[in-house]
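The values are calculated or read from the model by the stated rules, or taken from the named source; none is laboratory data. On a predicted model such as this, the values are computed, not experimentally measured, just so you know. Counting neighbours? That spans all protein chains shown, and the Cβs are built from the backbone with ideal geometry, glycine included.
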Amino acid sequence: MGSNAKPNLQRSWSWKIATYLFLAGTGSGCMFAGSLANLSNSDLSGIMRLAMWLGIPLVVIGVLFLMWDLGQPSRFMNTLLKPNSSWISRGSWILTCLLILTFALFGLWIWPFNLLSNVPVAVTALEVLIAIFAFGTMLYTGPLLAASKPIPFWNTSMLPALFAVSAIVAGLEGIDLLLTLNGLLQVNLPPQTLAIIGHYVAILIPVEMVLVVLYLWGASQTPTGRFSSKTVLFGGLAAQFWVGYVVLGLLVPLLAVTFRFGFVAGQTIPSITLGSALGLLGSFLLRLIIVSAGAKRPIMTFGGLIVLPGDM
Amino acid sequence: MVRLGMVIDLKKCVNCDSCTIACRAENATPQGVFWSRVFRFEVGKYPYAKLVSLPMACMHCREAPCVDACPTGATYKRNDGIVTIDHEKCVGCKYCVIVCPYGSRFFISSINQYYANTPLTPYERLARTLNGYKHHEEGVVEKCAFCVERIDKGLEPACVNSCVAYARVFGDLDNPESEVSRLITAKHAVQISPELGTDPSVYYIPP
């Protein structure tokens with residue numbers, strides 16, 4: 001192969017893994033944001049409940065996608081065996097702990113276990129632990145990809161930060177979507193709740209934009225990473241990136257949050273619903289684009305270049 | 001400690017692919033799966049260009065990224081340095097395929113007969129019943145294991161045994177008196193992509 005041969009995009013992981021990353025990220029972002037809101041302001045305890053109702057199904061469905069991608073899904077429990085060195089194993093433990101903790105919290109809302117909820121220290125401890133493990137779930141998918149040295153597009157320390165911020169934004173947007181159906185869910189929340197969430201979304205979307213720019217710039221420092229970045233910015237993934245992620249997934253939600261201040265919970269506000277739904281779409285596309293654009297660096301040896309097939 | 005490894009002399013390699021075929025015959029790998037392959041690439045410019053052939057399989061790295069990445073312990077390193085896979089434990093997550101810089105791992109999504117719309121060949125029939133073909137399993141990752149079954153019987157890997165040009169030498173890299181160690185020193189054999197820190201157990205004598 002000539003020295004100008006292009007790397008192949010990896011095909012080992014595809015949309016199922018991207019969907020898992022999105023659902024687990026959004027679900028855990030939801031729970032993290034809900035836990036923090038509840039711990040910082042008891043008036044917002046309804047958000048915690050809403051976050052659990054949304055976050056747990058998302059994480060569970062995400063895990064189902066992950067299992068779907070496995071060649072031997074019936075051996076799924078084997079993934080818990082090596083947390084000392086494998087990020088997949090660490091992630092399995094984090095997810096398992098998170099689900100056990102959230103189910104325990106659910107139990108406290110159900111009779112007769114709700115009698116235990118009179119012990120505030122235990123409830124607070126549970127909520128703190130949920131926040132910690134939800135944060136771990138948001139974060140671990142970054143190192144999971146970043147640990148792949150042969151794929152320079154993933155092998156960057158920016159990825160965990162980008163995934164974490166994107167997960168919190170997606171989690172808040174998920175809560176937003178449910179809040180606009182507040183009347184249906186009968187969650188008692190103070191009237192300024194939507195404004196508070198909008199405030200954080202308005203701060204975090206620009207942070208995500210900066211992180212994406214830094215991520216793509218950082219990834220472009222190696223020839224193979226540059227190939228991946230070019231594929232995202234100008235190549236086969238450009239439409240998904242510019243239209244789907246940047247315009248629909250970031251700019252429209254950012255504009256939507258600027259219209260919300262002053263609105264109250266309980267109203268169905270089309271701009272919020274639209275902005276949040278598109279934000280979630282953008283969050284999914286971000287992960288799909290990053291997974292799809294990973295390319296293994298060619299082997300350079302004896303003056304030649306060996307381009308590895310995408311499924312190796 | 002024993003650390004089994006291989007030296008491949010690219011000056012001797014005649015690009016015949018007998019190692020590819022011997023591996024296939026020994027392990028009866030499914031259609032489209034080649035644990036051992038020969039890559040070919042051009043170096044230099046006309047009129048001095050030449051074709052270089054590079055036989056590659058699993059590098060059995062001392063610092064194998066696949067061993068660390070495997071979440072189940074299915075990929076592990078034996079005491080003699082051979083990196084192998086316990087298919088009973090593999091969940092088919094493909095993380096080892098992702099982290100292997102040498103493209104030496106294969107996810108078996110399906111096992112097909114060699115020739116579509118025709119009956120199994122006599123070799124396939126035999127392999128599926130006698131030669132351990134049944135050990136190939138869909139939904140797991142496979143790779144070269146230096147023919148551990150042969151090594152445990154005191155034999156050399158099939159690719160070494162079949163090399164018509166005697167380009168492959170197999171032995172203990174940790175023994176300074178072994179032929180592989182002497183070749184590495186005398187012929188200045190090199191590893192592929194040593195900068196990755198994987199410390200492969202396969203060395204190449206440059207062409």
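Reported count of residues in the range B:18-37, each being more than 10 Å from B:Ala158 (Cα to Cα) and under 13 Å from the mean Cα position of the chain (by Cα), is 6. In the range B:146-156, the condition of being aromatic (Phe, Trp, Tyr), crowded, with 20+ Cβ neighbours inside 10 Å and within 14 Å of chain A (Cβ to nearest Cβ) is met by no residue. Looking across the range B:98-119, the residues that are facing chain A (nearest Cβ under 10 Å) and among the hydrophobic types (A, V, I, L, M, F, W, C) come down to B:Ile98, B:Val99, B:Cys100, B:Phe106, B:Phe107, B:Ile108. Being buried (at least 22 other Cβ atoms within 10 Å of the Cβ) and under 19 Å from A:Thr141 (Cβ atoms) is a property that A:Ser89 has. Of everything in the range B:28-45 that is within 13 Å of chain A (Cβ to nearest Cβ) and either within 21 Å of B:Ser109 (Cβ to Cβ) or modelled with pLDDT of 90 or more (or both), the residue that is surrounded by the most Cβ atoms within 10 Å (Cβ to Cβ) is B:Trp35.
One residue stands out among those in the range B:58-101 that are within 21 Å of A:Lys16 (Cβ to Cβ) and out of contact with any Ser or Thr (no Cβ under 8 Å at 6 or more places or on another chain): the one that is surrounded by the fewest Cβ atoms within 10 Å (Cβ to Cβ), which is B:Gly92. Given the conditions (1) touching a helix residue (DSSP H, G or I) at 6+ places or on another chain (Cβ under 7 Å); (2) surrounded by 21 or more Cβ atoms within 10 Å (Cβ to Cβ), report the number of the one that A:Asn78 does not fulfil. So A:Asn78 meets the others, but not (1).
With respect to the conditions (1) assigned to a helix (DSSP H, G or I); (2) surrounded by fewer than 16 Cβ atoms within 10 Å (Cβ to Cβ); (3) within 14 Å of chain A (Cβ to nearest Cβ), B:Ala25 lacks only one, and its number is (3).
Among all residues of the range B:128-141, there is at least one that is touching a helix residue (DSSP H, G or I) at 6+ places or on another chain (Cβ under 9 Å), crowded, with 22+ Cβ neighbours inside 10 Å and not hydroxyl-bearing (Ser, Thr, Tyr). Among the residues of the range B:83-97, those identified as touching a Lys or Arg at 6+ places or on another chain (Cβ under 9 Å) and more than 7 Å from chain A (Cβ to nearest Cβ) are B:Val83, B:Thr84, B:Ile85, B:Glu88, B:Cys96.
Checked against the criterion of being under 23 Å from the mean Cα position of the chain (by Cα) and within 12 Å of chain B (Cβ to nearest Cβ), the candidates A:Ile56, A:Ile17 yield just one match: A:Ile17. Can you tell me which residue is farthest from the chain's Cα centre (by Cα) among those in the range B:92-109 that are more than 20 Å from B:Cys61 (Cβ to Cβ) and touching a residue at least 40 places away in the same chain (Cβ under 8 Å)? Among those that are more than 20 Å from B:Cys61 (Cβ to Cβ) and touching a residue at least 40 places away in the same chain (Cβ under 8 Å), it is B:Gly92.
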